[in-house]
Amino acid sequence: MPRPHESVRRRLEEREERLAPAAVRSARSRGRERPEAASDMRTAFQRDRDRIVHSKAFRRLKHKTQVFIAPAGDHYVTRLTHTLEVAQIGRTIARALDLNEDLSEAIALGHDLGHTPFGHAGEQALAALLPEGFRHNEQSLRIVDLLERDGDGLNLTWEVREGILKHSKPREGIFEELEDRHWAAAAWGEPLASTLEGQIVRLADSLAYLNHDIADAERAGLLRPGDLPARARAVLGETHAERIDTLVSDVVDASWRFANEPRGEGPPQPITMSDEVAAATDELRDYLFENVYLWEERLAEADRARRLIEFLWAHFLRDPSELDASDYTRREDTLSRRVADYIAGMTDLYALAAAGRLGFTS
């Protein structure tokens with residue numbers, strides 16, 4: 001007689017059969033690179049979520065910068081709190097559309113594992129130094145595939161890995177596609193995720209950072225609520241809660257029919273917004289770039305971060321002994337790749353301490 005826990009996964013998979021036609025069913029995942037016996041208690045996507053949460057890279061997100069580099073206050077957003085907000089927004093949208101919440105959550109929790117210290121300033125610095133370039137979404141996939149578990153990787157499902165790789169967006173607009181498809185190798189197809197759950201995370205990432213970056217900018221004294229563009233405020237709302245509610249509700253309304261179309265052979269119709277809300281969101285995004293992300297003191301912070309990354313890069317190329325003691329680089333890789341992996345894995349605090357120990361002065 002089977003014990004109750006031995007049928008939990010099967011019952012969860014049966015519930016997934018009642019999801020929207022376009023939802024991904026975990027029982028029909030494209031699988032893992034290394035086959036594994038199924039869990040009694042968890043679906044494949046729930047198992048992926050748990051592996052990500054228990055990874056070392058996930059724990060380090062609490063000390064990685066979102067926008068403001070090593071801020072003094074306790075209430076600024078970090079990569080960890082950003083990741084949790086993306087997961088929350090992603091699950092809300094997926095639940096409302098009757099899509100697979102567990103798949104969206106797993107992708108969201110893993111999407112920023114590859115971010116460098118010092119946010120996008122650190123990413124841009126490493127991109128200029130590493131001969132093959134550096135992109136945090138590629139690094140996130142590299143972490144879950146190759147670097148975690150002492151080089152064994154987490155062996156995640158194909159759908160979660162694809163969603164992690166394809167979550168990034170360019171500056172130009174919330175629905176613009178990347179022209180540089182370096183990261184969308186032939187094996188992965190088009191830049192947009194092939195699952196609606198992955199597309200939800202791509203959009204939830206923007207919705208989360210646009211709103212919490214406004215709160216951080218207000219906390220830093222850069223903005224007042226009334227400074228935001230009038231049209232964006234009129235369409236999206238005056239407060240954080242109003243904006244999130246408007247954005248999430250609009251995504252659900254605009255995407256409902258696509259979630260309820262049967263999955264075909266090609267990519268599904270994308271998760272989207274109404275034209276009015278998308279235009280207001282792009283206006284808000286442009287305003288933040290001009291008044292927060294490219295603010296003069298932020299650029300000075302970014303320049304210091306770049307010089308610190310360059311200092312660490314030059315040191316470890318000269319003396320890789322510290323890499324040899326690390327369990328977060330692979331000895332079979334080139335030295336430049338190992339240095340990039342090592343630096344990318346650092347938290348802001350660790351990078352500052354390491355540079356100070358080695359003689360960096362700003």
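The values are calculated or read from the model by the stated rules, or taken from the named source; none is laboratory data. These numbers were taken from a predicted model, which means no experiment stands behind them. So basically every Cβ, Gly included, is an ideal-geometry build from the backbone, and we count neighbours across all protein chains shown.
Of the residues that sit in segment 202-231 and are modelled with pLDDT of 90 or more and outside any helix (DSSP H, G or I), which one is nearest to Tyr76 (Cα to Cα)?
Leu228
Pairs, please: C-beta under 7 Å, at least 6 apart or cross-chain, first residue part of a helix (DSSP H, G or I) and in segment 46-57, second aromatic (Phe, Trp, Tyr)?
From residues that are part of a helix (DSSP H, G or I), the pairs are Ile52/Phe58.
What are the residues in segment 235-263 that are free of Cβ contacts under 8 Å to residues at least 40 places away in the same chain and not charged (D, E, K, R), if any?
Within segment 235-263, Gly237, Thr239, His240, Ala241, Thr246, Ser249, Ala254 meet the criteria.
Among the candidates Leu84, Leu113, Leu109, single out the residue that is assigned to a loop (DSSP other than H, G, I, E, B), at pLDDT 95 or above, under 19 Å from Leu165 (Cα atoms) and among the aliphatic types (A, V, I, L, M). Walk me through how you get there before you give the answer.
On the way: Leu84 fails: assigned to a loop (DSSP other than H, G, I, E, B); Leu109 fails: assigned to a loop (DSSP other than H, G, I, E, B).
Unique residue meeting the criteria: Leu113.
When you go through (1) more than 18 Å from Ala44 (Cα to Cα); (2) surrounded by 24 or more Cβ atoms within 10 Å (Cβ to Cβ) one by one for Arg142, which number turns out not to apply?
(2) is the only condition that Arg142 fails.
Which one of these is modelled with pLDDT under 95 and either in contact with an Asp or Glu (Cβ under 7 Å, 6 or more places away or on another chain) or not acidic (Asp, Glu) (or both): Ala193, Ala234? Working first, answer last.
Values: Ala234 fails: modelled with pLDDT under 95.
Being modelled with pLDDT under 95 and either in contact with an Asp or Glu (Cβ under 7 Å, 6 or more places away or on another chain) or not acidic (Asp, Glu) (or both) holds for just one of Ala193, Ala234, which is Ala193.
Step by step: first the residues of segment 247-269, then only those that are crowded, with 16+ Cβ neighbours inside 10 Å and not in a helix (DSSP H, G or I), then the one that is modelled with the highest pLDDT. Which residue is that?
Arg263
For segment 20-32, give me each residue that is touching a residue at least 24 places away in the same chain (Cβ under 8 Å), surrounded by fewer than 18 Cβ atoms within 10 Å (Cβ to Cβ) and over 16 Å from Gly163 (Cβ atoms).
Of everything in segment 20-32, just one residue is touching a residue at least 24 places away in the same chain (Cβ under 8 Å), surrounded by fewer than 18 Cβ atoms within 10 Å (Cβ to Cβ) and over 16 Å from Gly163 (Cβ atoms), namely Pro21.
Has segment 79-94 got at least one residue that is surrounded by fewer than 24 Cβ atoms within 10 Å (Cβ to Cβ) and at positive phi?
No.
Looking at Gly119 and the list (1) at pLDDT below 95; (2) touching a helix residue (DSSP H, G or I) at 6+ places or on another chain (Cβ under 7 Å); (3) farther than 23 Å from Asp245 by Cβ, which single condition is not satisfied?
(2)
Would a scan of segment 331-347 turn up a residue that is among the hydrophobic types (A, V, I, L, M, F, W, C), under 22 Å from His63 (Cα atoms) and assigned to a loop (DSSP other than H, G, I, E, B)?
Residues of segment 331-347 among the hydrophobic types (A, V, I, L, M, F, W, C): 335, 339-340, 343-344, 346.
Those left that are additionally under 22 Å from His63 (Cα atoms): 339-340, 343-344, 346.
Narrowing further to those that are assigned to a loop (DSSP other than H, G, I, E, B): 346.
Yes: segment 331-347 contains one or more residues that are among the hydrophobic types (A, V, I, L, M, F, W, C), under 22 Å from His63 (Cα atoms) and assigned to a loop (DSSP other than H, G, I, E, B).
Filter segment 296-330 for residues that are of a type in the set (Val, Ile, Thr) and in a loop (DSSP other than H, G, I, E, B) and give the result. Show your work before the answer.
Step one: of segment 296-330, the residues of a type in the set (Val, Ile, Thr) are 309, 329.
Of everything in segment 296-330, just one residue is of a type in the set (Val, Ile, Thr) and in a loop (DSSP other than H, G, I, E, B), namely Thr329.
Suppose we keep only residues that are crowded, with 21+ Cβ neighbours inside 10 Å and at pLDDT 95 or above within segment 328-344. Which one would you say is farthest from Ala127 (Cα to Cα)? Before the answer, list the steps.
So in segment 328-344, the residues crowded, with 21+ Cβ neighbours inside 10 Å come out as 329, 338-341, 343-344.
Still in the running and at pLDDT 95 or above: 338-341, 343-344.
Values: Arg338: 14, Val339: 12, Ala340: 9, Asp341: 12, Ile343: 12, Ala344: 11 Å.
In this case the residue turns out to be Arg338.
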